Structures are given as C-alpha cells and as structure tokens.
Amino acid sequence: MFTAALFASAAALPAQAQAPSASAHGVNTAQGGMTAGELVGRTVTGRGGVVLGEVERVTLRRDGSPAQVLVRPKGPRPGGPRSLSYASLRVDGAGLSTPLTLAEFNAMPVIDADTK
C-alpha cells in the first residue's frame, strides 16, 4: 500500500525539462556546440581564470564531432600539448574554460602530437 501511494505521488509530480547533457555532446550543447575549426587557436583557462594554453589540434569522432582537444601550454612550462576532453570544456567569452587547476593541467601527460 505504501509503495502504491509513493508511486502515485511521484507520478503526480510535474515533469521538468532537462538541459541536454554536455558530457554527451561537448561544449555548451544547448548553444549548438562548436566545430573543430572554431576550437583551434582558442585560449583555454583553468580554475581561477589562469591561462592554461591554446587549442592546437582537435581529434574528431567517426561522425565528425570533436572528441578531444590538444592544448599547447602557455608560458615557460615545458613539454608538449595535453589532451582534454571536448565534453569538459565550456565557452567562456572568446575562449574556453575547464575546471582543472594549473597544477592538475601541468601534471597531465604530454601528448606526442606528431603520431597518429
């Protein structure tokens, strides 16, 4: 009896519209996302607004949508680009942002951008 009442009360709740999941389709899906050409050259900032680097290359899925971005570090940080998930990025003005800190970004493995 309790289960039936609980089910009836849950069914009576109004359905809420949900925004599309950014994790399924990438940068601000509700705004239509971005193409690979629009991503290359954009500045990527981390937590606190610190500049992490610039998008150097975009890796595409089979359907042509962006999957990963290679971010070349800015400043005196050594090494090559780091790979970030396209789904983790958000449009932030003219650039992109990620919830990573500078220390987390620097600790990521360097990607050999010359290999395919």
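Some observations on this one:
- Test: residue 82 is charged (D, E, K, R), touching a Leu at 6+ places or on another chain (Cβ under 6 Å) and either in contact (Cβ under 8 Å) with a residue 24 or more places away in the chain or within 15 Å of residue 108 (Cβ to Cβ) (or both): no
- Picking from residues in segment 89-109 that are open to solvent by 80 Å² or more (accessible area, probe 1.4 Å), in a loop (DSSP other than H, G, I, E, B) and in contact (Cβ under 8 Å) with a residue 40 or more places away in the chain, the one that is farthest from residue 73 (Cα to Cα) is 94.
- Search result, residues across segment 31-71 that are open to solvent by 60 Å² or more (accessible area, probe 1.4 Å), modelled with pLDDT of 90 or more and assigned to a helix (DSSP H, G or I): 47, 48
The values are calculated or read from the model by the stated rules, or taken from the named source; none is laboratory data. Quick caveat: nothing in here was measured; it's all calculated off a predicted structure. FYI the Cβ positions are ideal-geometry reconstructions off the backbone, even for glycines, and counts take in every protein chain you see. Surface accessibility is based on the protein's heavy atoms, side chains included, excluding ligands, DNA and RNA. Shrake-Rupley method; radii C 1.70, N 1.55, O 1.52, S 1.80 Å.
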